[in-house]
Amino acid sequence: MSTPKKPRKQKSKKINVSARQHWETILRSVTKEEVPVEMLEYLTVNLIDGSKVNINIKQLIAEGRKPKDIESEINHKLDSLDAMVEDVDFFICIDSVASVVQPVTDKILKNL
């Protein structure tokens, strides 16, 4: 008669939180009520007539526009066109989020 085998301990898995794929997974699972303009790549304004207007936020920032000014202008424009706007899609720049969040994550996890 053989002795029953002990259950194996599950090995811990190493997670590379800096990998783009992991950030995409994390961002998909988070409810985003507000997104800082500097974290956006672009946004698409979907109008009730079916047309779409794309605004390349990353390009505007690269041209030297201040995020606060961009946000203010977009909010003003959306308010003035409110009756025509069906919804707005925000496209997050994963690299920007990772570059901001990664140092904090590293600090929190350094002693684990």
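The values are calculated or read from the model by the stated rules, or taken from the named source; none is laboratory data. Small disclaimer: the values here were computed from a predicted structure and weren't measured. Virtual Cβ from ideal backbone geometry, glycine too; neighbours counted across all protein chains shown.
Answer with yes or no whether Glu86 is surrounded by 14 or more Cβ atoms within 10 Å (Cβ to Cβ) and not aliphatic (A, V, I, L, M).
Spelling it out, it is not the case that Glu86 is surrounded by 14 or more Cβ atoms within 10 Å (Cβ to Cβ) and not aliphatic (A, V, I, L, M).
For segment 86-112, give me each residue that is among the β-branched types (Val, Ile, Thr) and under 16 Å from Tyr42 (Cβ atoms).
Val88, Ile92, Ile94, Val97
Yes/no matrix, rows are residues, columns are (1) modelled with pLDDT of 90 or more; (2) small (Gly, Ala, Ser); (3) assigned to a loop (DSSP other than H, G, I, E, B):
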{"site": "Arg8", "(1), (2), (3)": "no, no, yes"}
{"site": "Asn16", "(1), (2), (3)": "no, no, yes"}
{"site": "Leu27", "(1), (2), (3)": "no, no, no"}
{"site": "Thr31", "(1), (2), (3)": "no, no, yes"}
{"site": "Asn46", "(1), (2), (3)": "yes, no, no"}
{"site": "Asn75", "(1), (2), (3)": "yes, no, no"}
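If Arg65 satisfies every condition in (1) free of Cβ contacts under 8 Å to residues at least 24 places away in the same chain; (2) farther than 25 Å from Gln21 by Cα; (3) exposed (fewer than 13 other Cβ atoms within 10 Å of the Cβ) but one, which is the exception?
The number of the failed condition is (3).
Restricting to segment 68-109, name every residue that is free of Cβ contacts under 8 Å to residues at least 60 places away in the same chain, of a type in the set (Ser, Thr, Tyr) and farther than 13 Å from Met39 by Cα.
Ser72, Ser80
Hey, among Ile55, Ile74, Ile48, Ile94, which residue is of a type in the set (Val, Ile, Thr), in contact with a helix residue (DSSP H, G or I) (Cβ under 9 Å, 6 or more places away or on another chain) and exposed (fewer than 13 other Cβ atoms within 10 Å of the Cβ)?
That would be Ile48, the only listed residue that is of a type in the set (Val, Ile, Thr), in contact with a helix residue (DSSP H, G or I) (Cβ under 9 Å, 6 or more places away or on another chain) and exposed (fewer than 13 other Cβ atoms within 10 Å of the Cβ).
Among what's in segment 67-100 and is over 16 Å from Ile55 (Cα atoms) and among the hydroxyl-bearing types (Ser, Thr, Tyr), pick the residue that is nearest to the chain's Cα centre (by Cα).
Filtering segment 67-100 for residues that are over 16 Å from Ile55 (Cα atoms) and among the hydroxyl-bearing types (Ser, Thr, Tyr), the one nearest to the chain's Cα centre (by Cα) comes out as Ser96.
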